[in-house]
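The values are calculated or read from the model by the stated rules, or taken from the named source; none is laboratory data. Nothing here was measured: the structure is a model prediction, and the numbers come from that model. Neighbour counts are summed over all protein chains in view; Cβ atoms, including those assigned to glycine, are modelled from backbone coordinates with ideal geometry. These accessible areas exclude ligands, DNA and RNA; they are computed on the full protein's heavy atoms, side chains included. Shrake-Rupley method; radii C 1.70, N 1.55, O 1.52, S 1.80 Å.
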Amino acid sequence: MRIVVIGAGQVGSTIVEALHDEHELTVVDLDPRRLARIARRYDVLTREGNGASRRTLAEAGVKEAHLAIACTSRDETNLVAAMFSKKLSPRTTSVMRASNVEYLELWREGQLDVDFIVSGELETAHVITRMIGVPAARQTDVFANGQVQIVEFEIPPNCAPGLVDLPLRQAAIPPDSKVASIIRGEETLLPRGDATLRAGDRIVVIGSPRAAQQWSLLMGSAAGRVEDVVVYGAGRLGTAIASLLLEQGLGVRLIEPDPVRARAVAELLPGVRVYQATGLEADFLERERIGDVQAAVFAMGEDERNHFAAALAKEIVRFAHDPRTQQVAMFEGTRYEVLDIVTKPDSEYVGKRFRDMPIRGALIGAVVRDGEALFPHGEDVLQAGDRVIVFTESRRAPVVEQAL
């Protein structure tokens, strides 16, 4: 696939890292130093210029591209670049990064001529709120409208008994879940029933949200379900996080030093307790019992940029996959992928029992059939049209998509 990436900053670089092996990339940016860094690391073409210029986009090959991704730090530049891409080539799929959620709302109303818009704030907020729901997780993501959860854990020395140093077929694994991968040092194992877990292993689990919480408890997390969260910072990211946590029925307190912003957010989110304070004063911390909360989220300053890059890359990379692929999540940086893909009628896996399927570097952890998530056992049979949640190494993702 030919892809033009507009923006060579942190998000653009993360996208290039994820896609350069399997696709022909051209990267556009005004900064020659950024382009030089990317060109040294990856086999991609670069074009110095303004991504909001039709001439620059034409010279970068947008007319021949299958996908144009506008991911600079400026919403207006991204909007113009995405719309120009559509004008230059209606068959090119355009994806725009937006930090202002209003652009996302306008797009949903059909007011913007862009194929897809991805909001950094919303994607980062989703990542953070999922982590809060599973305290022991290193990383987590959800599929199938929240029916399937993928979680990465590191097995601690104090792991619950009955899980480690036993064959998986005998281990006390929570129902409706499957160990999709064992990462032991630099080695990756796709486990069968005779595989064993050890303290220090990193594992990727696919299961129901309830199973994910049970796994978290097995990992030695005594926190259980988080009910009380403090969010520092009422900017766009902090407000998005507070809103999502509120929707989950959690108690949310939000701390914002700017009085104007604090007042505005208090009116926007009446279910959230908003404090106009720095949140660092000893008497405030003691009076409000901030130290007793189960989780705190810091959504201030520059720290959010790493979250943006990771969350946005995960969301944007899916557009470069097979059209049957509904969703993509990346784990261990970009080393592994979890794909949500619809099986085709002529797939060699259709009609086979799960116990008879060759592994071939991938493992199916869940199936979505008629809108319901199923966690298959050995005797279950895969059907044409099933959506499968499958774990694989990123370099093998195209092969897995083709096989399914």
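Debye calculation, C-alpha points only, no solvent: report log10 I(q)/I(0) for region 59-195 at q = 0.11, 0.13, 0.21, 0.22 Å⁻¹, in the same order as the q values.
-0.64, -0.76, -1.21, -1.29
Which whole-Hz couplings ³J(HN,Hα) result when phi for each residue of region 333-349 is put into the Karplus expression 6.51 cos²θ - 1.76 cosθ + 1.60, θ = phi - 60°, listed in order with x for Gly and Pro?
Result, rounded to whole Hz: x, 10, 6, 10, 10, 10, 10, 10, 9, 7, 6, 8, x, 8, 5, 5, 7.
Once the piece of chain linking Glu186 and Glu227 is laid out straight, how much longer is it, given 0.36 nm per residue of separation minus the C-alpha distance between them?
Between Glu186 and Glu227, full extension yields an extra 11.1 nm.
Take Phe116, Phe375, Phe391 and sort them by solvent-accessible surface of the protein heavy atoms, 1.4 Å probe, largest at the top.
Phe116, Phe375, Phe391
Fully extended, how many nm does the chain gain between Leu30 and Ser53 (0.36 nm per residue separation, minus their Cα-Cα distance)?
So the chain would gain 7.2 nm between Leu30 and Ser53.
List every residue whose amide H lies under 5 Å from the amide H of Ala366, counting only residues 5 or more places away in sequence or on a different chain, with H placed 1.01 Å from N in the peptide plane.
Residues meeting the amide H criterion: Ile389.
For the chain, give the percent of accessible area contributed by carbon and sulfur heavy atoms, probe 1.4 Å, rounded to a whole number.
Working: 8890 of 18810 Å².
Answer for the chain is 47 percent, counting heavy atoms of protein chains only.
I'm spelling it out carefully: the read-out is mean projected area of the Cα convex hull in nm², the candidates are (i) 17.0; (ii) 18.6; (iii) 21.4, and one was derived from this structure. Which label?
Given (i) 17.0; (ii) 18.6; (iii) 21.4, the structure-derived one carries the label (iii).
Points 7 angstrom from Cα along the Cβ direction at Glu286 and Asn145: gap in nanometres?
Distance between the two pseudo-spin positions: 5.1 nm.
Explain nothing, just the number: dipole magnitude of region 125-189 about its Cα centre with +1 on each Lys and Arg Cβ and -1 on each Asp and Glu Cβ, in debye rounded to the nearest 20.
160
Can you tell me how much longer the chain between Ile359 and Arg396 gets when fully stretched, taken as 0.36 nm per residue apart minus their C-alpha distance, in nm with one decimal?
Numbers: separation 37, 0.36 × 37 = 13.32 nm, distance 1.23 nm.
Fully extending the segment from Ile359 to Arg396 adds 12.1 nm.
Can you run phi through the Karplus equation (6.51, -1.76, 1.60; θ = phi - 60°) for region 388-395 and list ³J(HN,Hα) in whole Hz, with x for Gly and Pro?
10, 9, 10, 9, 7, 5, 4, 5
Can you run phi through the Karplus equation (6.51, -1.76, 1.60; θ = phi - 60°) for region 136-152 and list ³J(HN,Hα) in whole Hz, with x for Gly and Pro?
Values per residue, Gly and Pro as x: 7, 6, 7, 7, 8, 8, 10, 10, 6, 6, x, 7, 10, 10, 10, 9, 9 Hz.
If you average the C-alpha positions of region 78-99 and of region 192-245 separately, how far apart do those two centres end up, in angstrom?
Cα centroid of region 78-99 versus Cα centroid of region 192-245: 36 Å apart.
Put Arg34, Arg396, Arg91 in order of accessible area, largest first, 1.4 Å probe: what do you get?
I get Arg91, Arg34, Arg396, largest accessible area first.
Around Asp115, which amide H atoms from residues at least 5 apart in sequence, or from another chain, sit under 5 Å from its own amide H, with H modelled in the peptide plane?
Those qualifying (amide H under 5 Å, at least 5 residues apart or on another chain) are Ser94.
Determine the per residue accessible area of the chain with all protein chains present and a 1.4 angstrom probe, expressed in square angstrom.
About 47 Å² of surface per residue is accessible.
Can you give the calculated 222 nm mean residue ellipticity of the chain, where each DSSP H run of n ≥ 4 adds -39,500 (n - 2.57) and the sum is split over every residue, rounded to the nearest 500 deg cm²/dmol?
After summing the helix terms and dividing by the residues of the chain, the value is -9000 deg cm²/dmol.
Given a Förster radius of 41 Å and the C-beta distance between Arg2 and Lys344 as r, what FRET efficiency does 1/(1 + (r/R0)^6) yield to the nearest 0.05?
Working: r = 24 Å, r/R0 = 0.58.
So, using R0 = 41 Å, E works out to roughly 0.95.
Under 10 °C and 1.306 mPa s, how fast does region 1-132 diffuse according to Stokes-Einstein, given a Kirkwood radius computed over C-alpha pairs? Answer in µm²/s, whole number.
Here the translational diffusion coefficient equals 108 µm²/s.
Long-range amide H contacts for Val27: which residues qualify at under 5 Å (H placed 1.01 Å from N, peptide plane, sequence gap of 5 or more or a different chain)?
Excluding prolines and chain starts, which carry no amide H, the hits are Val5, Leu45, Thr46, Arg47.
FRET efficiency for Gln248 and Glu154, Cβ-Cβ distance as r, R0 = 30 Å, nearest 0.05?
Result of the calculation: an efficiency of 0.75.
Measure off 7 Å from each Cα along the Cα-to-Cβ vector at Glu379 and Asp194, then give the distance between these two points in nanometres to one decimal.
Between Glu379 and Asp194, the simple spin-label model gives 2.4 nm.
Using the basic label-point model (7 angstrom from Cα toward the beta carbon), what is the Val293 to Asp258 distance in nanometres?
Placing both labels 7 Å beyond Cα along the Cβ direction yields 1.9 nm.
Using a 1.4 angstrom probe and counting only protein chains, how large is the accessible area of Asp176 in Å², to 10?
For Asp176, the solvent-accessible surface is approximately 80 Å².
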